[in-house]
Amino acid sequence: MKNTIKILAAAVVMISVVSCQKDSKPNYQYMPNMYEPVSYEAYGEYGVFPGGQEAMLPAEGSIPRGWMPYEIENSNVGYQFAKDSLKNAIRYTKENEDAGKELYNIYCAICHGEKGDGKGTLVKREKILGVPSYDDVGRAITEGSIYHVMYYGINSMGSYASQTSEHERWQIVQYVQKLKADLEGKTPRIDTDVVVAETKLEEEHHESTEDHSNAH
Ligand code: HEC
């Protein structure tokens, strides 16, 4: 008998708790901290921020991760400075040359031609004028000047700063240098020290495994 009363009492409590729920209204939150974040929510509205908005512009001078600022300015002085002193930041390896070739054929060959002689499809169809050959003596392009014009563009040639990363631009520079050397009948630069360093490492590794097997 006592048990029946207890069960009944429990049932009444449970029903009264459940029956408070109304589908048309948000339900009670017993422990709001478990639902509402304590921190500010991205894009939330909060009075403490200027404009009442959580999302704000990055502080002036912020640099996105993985992006390097290019400090040489877009002017004749900047161009000349880059031409004389800016050096390729990556090694001239076969891999970088191949990657550069692929990018070059996507972005540049349409005007400059696959050989870099200034006879791309757009030039042949007379859609664009004044595309130089990379061995143009008057221009005497250097790795620095190639990078600079790719970054800012030059006259009717646009900028490639947003389509390409810094690394990719240097790979294209290497390939343009190779095309220039081919046009001039010179040997394109390939840095061999990288290959040497790698084979050395391999040899060392090899020796150590041999030692290991001898010991057994
Ligand atoms: C829409 C056609 C077009 C495309 C695409 C193009 N260029 Fe050019 N490029 C030009 C023209 C036109 C000039 C000559 C600009 C001038 O000096 O008036 C030029 C000039 C150059 C020069 C010589 C600049 C100097 O220092 O005198 C280089 C180097 C160069 N381009 C590299 C590239 C590379 C690398 C790409 C690909 C990332 C590229 N171009 C894509 C049209 C193009």
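Bear in mind that the values in this text are calculations on the coordinates, not laboratory data. Everything quoted here is computed from the prediction, not taken from an experiment. FYI the Cβ positions are ideal-geometry reconstructions off the backbone, even for glycines, and counts take in every protein chain you see.
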Given +1 on the Cβ of Lys and Arg, -1 on the Cβ of Asp and Glu, and no further charges, what dipole in debye does the chain carry about its Cα centre, rounded to the nearest 20?
1200 debye
Rounding to the nearest 10 and keeping the result within 0 to 90°, find how far the Cα-based axis of helix 76-85 lies from the longest principal axis of the chain.
80 degrees
In cubic angstrom per residue, the convex hull of the chain built on its Cα atoms measures 373 Å³
With respect to the cross-link table entries Lys83/Lys124; Lys87/Lys115; Lys127/Lys180; Lys94/Lys127; Lys87/Lys127, which display a Cα-Cα separation exceeding 26 Å?
Lys83/Lys124; Lys94/Lys127; Lys87/Lys127
Can you tell me the length gained on complete extension of the stretch Thr192 to Ser159, counting 0.36 nm per residue apart and subtracting the Cα distance?
8.7 nm
Mind checking the stretch 105-157 for GluC sites (Glu not before Pro) that DSSP puts in a loop (not H, G, I, E or B) and that have at most 13 other Cβ atoms within 10 Å?
Glu126
Using the alpha-carbon atoms, what tilt in degrees (0 to 90, nearest 10) does helix 94-107 show relative to the longest principal axis of the chain?
80 degrees
For the stretch 76-184, Rg(Cα) over 2.2 N^0.38 Å is 0.99
Cα centroid separation, the stretch 67-89 to the stretch 129-182 (Å)
12 Å
